[in-house]
Amino acid sequence: YERVLKQVVPDWLDKPLASITRDMIAKRHMQYGESNSKARSNLAMRVLRAIFNFAINQYQTNDGKEIFTENPIKRLSHTRAWYRIDRKQTVIKSNKLADWYKGLMQLSEWHSKHDTEMWQDYFLLVLFTGLRRQEAASLRWENVDLDSKIFTLHDTKNRDSHMLPMSEYIFELFQRRKQAMKNEFVFSANSDTGHLIEPRKAMLKVAELSEVTFTVHDLRRTFITTAESLDIPAYALKRLLNHKMNHDVTAGYIIMDVERLRKPMEQITDYLLKCMGVKQSGEVVDMPTSPATKASA
């Protein structure tokens with residue numbers, strides 16, 4: 001939130017909220033959107049909208065009257081000024097995964113051993129589990145059960161706890177992270193939070209080395225796309241991604257035990273490893289012909 005506001009409205013940060021007018025909002029939204037990023041301009045205004053909504057309900061004068069009576073961001077809706085942003089559909093294509101993985105492994109030539117291994121394992125965990133970037137970055141060791149090969153996310157986007165099985169590859173990844181453990185976080189880092197925050201520098205370097213442009217969320221989309229291509233059952237896929245199924249009547253009768261997700265997780269892992277060149281694909285060989293078959297021929 002702070003970062004986007006510093007980018008779009010840096011000169012407003014020490015202004016009283018009451019001094020920010022509807023005209024200022026409309027002008028800055030248009031200026032930044034046209035000269036820099038439409039999506040970033042929208043995001044900054046959504047953050048400001050949330051701040052104003054909080055202030056409207058939180059603060060009052062001494063005689064109980066509201067200090068703010070209207071959210072100035074409403075001007076953008078009234079004038080239909082919000083930029084239309086198409087949802088991204090980018091993934092790392094299967095025929096590019098080997099190049100991407102090769103670039104990822106070359107990070108060791110440019111950064112320290114600790115940072116390199118942390119970034120590598122972080123990107124791989126997101127790719128092989130479909131976790132959201134913050135969920136992966138803030139994962140705590142107390143929620144990782146290496147004995148049962150299960151890990152749990154509690155502070156998720158939809159507020160539901162999310163329990164997932166580890167494929168063998170992910171189990172080995174967690175074992176590596178355990179050996180490098182420095183605090184309570186799987187991806188420990190010298191940051192205010194104690195965990196990895198923004199791997200942008202590493203992401204750009206991997207993209208440069210591999211010539212495969214990607215974002216962290218592209219890794220999640222790649223996991224989803226891979227799962228769908230392997231015909232993973234719809235309910236298992238939703239459970240793997242921790243998607244809500246509130247409006248699905250059938251889903252309400254299905255209790256998806258975490259162990260039932262282990263097989264589809266291994267399927268997805270196996271496919272990705274083959275695409276990355278880490279694991280050999282099965283070779284097609286000619287079956288031996290029996291004497292009886294030869295005679296009939």
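The values are calculated or read from the model by the stated rules, or taken from the named source; none is laboratory data. Predicted model, so just to flag it, every value in this text is computed and none were measured. Don't worry about glycine lacking a Cβ; one is built from the backbone with ideal geometry, like all the others, and counts go over all protein chains shown. What goes into the accessible areas is simple: the full protein's heavy atoms, side chains included, and nothing from ligands, DNA or RNA. Shrake-Rupley method; radii C 1.70, N 1.55, O 1.52, S 1.80 Å.
Which one of Lys279, Lys263, Lys274, Lys244 is open to solvent by 80 Å² or more (accessible area, probe 1.4 Å), at pLDDT 90 or above and either small (Gly, Ala, Ser) or at negative phi (or both)? Quick ask: steps written out before the conclusion?
On the way: Lys279 fails: at pLDDT 90 or above; Lys274 fails: open to solvent by 80 Å² or more (accessible area, probe 1.4 Å); Lys244 fails: at pLDDT 90 or above.
Going through Lys279, Lys263, Lys274, Lys244 in turn, just one is open to solvent by 80 Å² or more (accessible area, probe 1.4 Å), at pLDDT 90 or above and either small (Gly, Ala, Ser) or at negative phi (or both): Lys263.
For Ala98, the conditions (1) touching a Gly at 6+ places or on another chain (Cβ under 7 Å); (2) at positive phi all hold with the exception of (2). If you go through the stretch 83-115 and pick out every residue that is of a type in the set (Val, Ile, Thr) and open to solvent by less than 40 Å² (accessible area, probe 1.4 Å), you end up with 1. If you go through the stretch 116-132 one residue at a time, do you hit one that is exposed (fewer than 15 other Cβ atoms within 10 Å of the Cβ) and hydroxyl-bearing (Ser, Thr, Tyr)? Taking every residue of the stretch 116-132 in turn, none turns out to be exposed (fewer than 15 other Cβ atoms within 10 Å of the Cβ) and hydroxyl-bearing (Ser, Thr, Tyr).
Does Gln179 fit the bill of being open to solvent by 10 Å² or more (accessible area, probe 1.4 Å), within 24 Å of Leu237 (Cα to Cα) and free of Cβ contacts under 8 Å to residues at least 40 places away in the same chain? The answer is no for Gln179. Working only within the stretch 59-82, note down all residues that are at pLDDT 85 or above and open to solvent by less than 40 Å² (accessible area, probe 1.4 Å). Listed by number, the residues that qualify are Asn71, Pro72, Ile73, Leu76, Ala81.
For beta carbons closer than 6 Å, sequence separation of 6+ or different chains, a first residue in the stretch 1-23 that is of a type in the set (Phe, Trp, Tyr) and a second that is open to solvent by less than 100 Å² (accessible area, probe 1.4 Å), the qualifying pairs are Tyr1/Val47.
Considering the stretch 18-55, and only residues there that are outside any helix (DSSP H, G or I) and among the β-branched types (Val, Ile, Thr), the residue that is surrounded by the most Cβ atoms within 10 Å (Cβ to Cβ) turns out to be Ile20.
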